[in-house]
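Undergrad: Please find one structure pasted underneath; my questions will follow.
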Amino acid sequence: MATLHIVRRSPHMARDLERALEVARPGSHVLLVQDAVLAAAEGDASHPLLERAMRAGVAAHALKEDLASRAVTRVGKGVDVVDYDGWVDLVEAHQPVAW
Amino acid sequence: MRLGVLLLDSPYQTQDVDSCIHFVEAALRKGHEVVGVFLLMDGLYALNSKIKAPGDRNLAEEMAALASRVRVVGCGTCARFRGVVKADLIKGASLGGLGDLVEIVEASDRFVTFGG
Amino acid sequence: MGQEGGAHATDADTGAPAPPGGAGGQGSTCLLIRKAPYGASNAAETFRTLQAFYAFEKPVTLLFMDDAVLSLVRGVDPAGIGMRPLSRAFADLGALPGVGFVVHLESLEERGLRPDDLEPPLEGADAFRFVRTADLEATLASHKAIIRV
């Protein structure tokens, strides 16, 4: 079973995202919620870190409701946008770890 | 799936109580079983029925709505350390111990932590 | 009780992922702790949670990562901040049957620490397992549930 890394803190304020992406193996998933959705924004300084992980085979997801509340409109290519139902589906499919 | 949840943060201070409630509600809507929501550390404050939120979402009321459908239990020791007593609790929630957390984890297929 | 330096064997060089704690395997719980002790109560709460899993005879692994590796470090003296030292008590918990301790090596290295800077396990108890980042996800995945206090 693949792992679902759930990251919630801003990549500018914490090392959580960096750590989660260091630990995530190809085939695993990272879900960005709350302030962490900033990393899904095309223009964010942390987005290249996410892109590198995606190129290495980590699937990236971001929560729609949190993207909207942070006014992130340009989501990086390859990032899968999910709602709360989608979050539930991801947890059902993979083993969750909260960073 | 049988879902177990741990909540560590207090309402309003961070978004974690909101995320937890929305996530659990979505799981219930999709027909999953929620084995229980355990509250530890500042999560205990989410069970305080005295919360008033003028002009804003009332997270204690939202937790009470959840507690009417799923098992919601707080760590008694953490409650004591925060001055939350049984009489303060939202309807449907109870104070227990870490043994309840163990029970919830053991009965779950998936376990998610919020806050902390 | 307690040993001089060199008390920790590490198989990090083999790159083997740490096996699950105690009698574990697919059925055991992993308690992941990342915060430092004293600056936050998460480590102390994880300590109590570990005791509960042991009391209910459920296998459990404690995985120390990031600042949480300080929970085991030798030479702490928190009397001046009004708190009690955790390191020796934590290390002793690792000796309980059904309990496994895993320490993230890079987290030690980032803090200028080595395995020998940690309180050693009780004499006769299982050694702590030291795991590198490359094997962390496999270690996490070998458990039924991951609780991150």
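None of the figures in this text is laboratory data; all of them are computed from the coordinates on show. Just so you know, these numbers come straight off a predicted model, no measurement behind them. FYI the Cβ positions are ideal-geometry reconstructions off the backbone, even for glycines, and counts take in every protein chain you see.
Undergrad: Could you pull the Cα extents of segment B:26-87 along its three principal axes, largest to smallest, in whole Å?
TA: Computed over the Cα atoms, the extents are 36, 31, 17 Å.
Undergrad: Working from the alpha-carbon coordinates of segment B:2-114, get Rg over Rh, Rh being the Kirkwood radius.
TA: 0.93
Undergrad: Quick one: what are the phi-derived ³J(HN,Hα) couplings along segment C:109-122, Karplus 6.51/-1.76/1.60 with θ = phi - 60°, whole Hz, x for glycine and proline?
TA: Karplus values, whole Hz, x for Gly and Pro: 4, 4, 9, x, 10, 10, x, 6, 7, 9, 4, x, x, 4.
Undergrad: With no solvent and one point per C-alpha, what does the Debye sum give as log10 I(q)/I(0) for chain A at q = 0.19 Å⁻¹?
TA: Taken in order of the listed q values, log10 I(q)/I(0) reads -0.80.
Undergrad: When a footprinting reagent is the concern and you count Cβ atoms within 10 Å, what order do B:Cys75, B:Cys20 take, fewest first?
TA: Fewest-to-most Cβ neighbours within 10 Å comes out as B:Cys75, B:Cys20.
Undergrad: Same structure, new question: Take the Cα atoms of the protein assembly as shown, build their convex hull, and give its volume per residue in Å³.
TA: Per-residue hull volume (Cα only) is 140 Å³.
Undergrad: Using the structure shown, list the pairs from A:Lys64/B:Lys30; B:Lys52/C:Lys35; A:Lys64/C:Lys144; B:Lys30/B:Lys50; C:Lys35/C:Lys58; A:Lys77/C:Lys144 with a Cα-Cα distance above 26 Å, or answer none.
TA: Beyond 26 Å: B:Lys52/C:Lys35; A:Lys64/C:Lys144; B:Lys30/B:Lys50; A:Lys77/C:Lys144.
Undergrad: Quick one: which of C:74-80, B:92-98, A:81-87 comes out on top by average Cβ neighbours within 10 Å, and what's the full order, highest first?
TA: B:92-98, A:81-87, C:74-80
Undergrad: Please list, ordered by chain and number, the residues whose modelled amide H lies under 5 Å from the amide H of C:Phe101; skip anything fewer than 5 residues away on the same chain.
TA: Amide H neighbours of C:Phe101: C:Leu62, C:Arg129.
Undergrad: Round to a whole angstrom and tell me the spacing of the C-alpha centers of segment C:25-94 and segment B:52-110.
TA: 24
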